[in-house]
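The values are calculated or read from the model by the stated rules, or taken from the named source; none is laboratory data. Just so it is clear, the structure is predicted and the values come from calculations on it, not from any experiment. Using ideal geometry, Cβ is built from the backbone for each residue, glycine included, and neighbour counts are taken over all protein chains shown. Just the protein is used for accessible areas: all its heavy atoms, side chains included, with ligands, DNA and RNA removed. Shrake-Rupley method; radii C 1.70, N 1.55, O 1.52, S 1.80 Å.
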Amino acid sequence: RVLRGLGARLRGVTDAVPFRLDARALAAGDAFTFSTDAGDLDIIATPAGTAGYHDLSRTAATIDLDGMRVQVASIDDLMRMKLAAGRPKDLIELEVLGALRDELDRQP
């Protein structure tokens with residue numbers, strides 16, 4: 001329902017492709033890329049280097065996002081995913097995430 005409310009549509013698909021946006025379709029795949037009214041959205045059920053949601057939720061931070069509580073992967077888990085993906089852009093992000101983690105560790 002949330003994805004439909006955001007006007008989600010398959011990103012990069014120009015022809016009419018039969019795709020029903022529902023829980024059954026999402027459960028059948030592991031990765032989806034959407035364009036939405038709020039911007040691009042990638043959904044990855046099992047990110048590289050993880051065992052999926054239950055693995056990541058153990059150390060996730062819960063934040064308030066405009067009145068809605070959401071879980072966000074920890075910096076260490078983000079770094080683990082970037083390292084496992086191994087793409088050049090992910091390896092560059094490892095340095096940024098490492099610096100962020102160091103900065104957060106220095107805060108009282």
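Across region 81-96, computed HN-Hα scalar couplings (Karplus, 6.51 cos²θ - 1.76 cosθ + 1.60, θ = phi - 60°) run 5, 4, 5, 5, 5, x, 6, x, 5, 6, 5, 5, 5, 4, 5, 5 Hz from first to last residue, x flagging Gly and Pro. Electrostatic tally near A28: other residues with Cβ closer than 15 Å to its Cβ, Lys and Arg +1, Asp and Glu -1, net 0. With only Cα atoms counted, region 1-107 has Rg and Dmax values of 16.1, 52 Å.
Overall, the accessible surface of the chain at a probe of 1.4 angstrom is composed of carbon and sulfur to the extent of 56 percent. In the full protein context, the chain carries 75 Å² of accessible surface per residue, based on a 1.4 Å probe and ignoring ligands, DNA and RNA.
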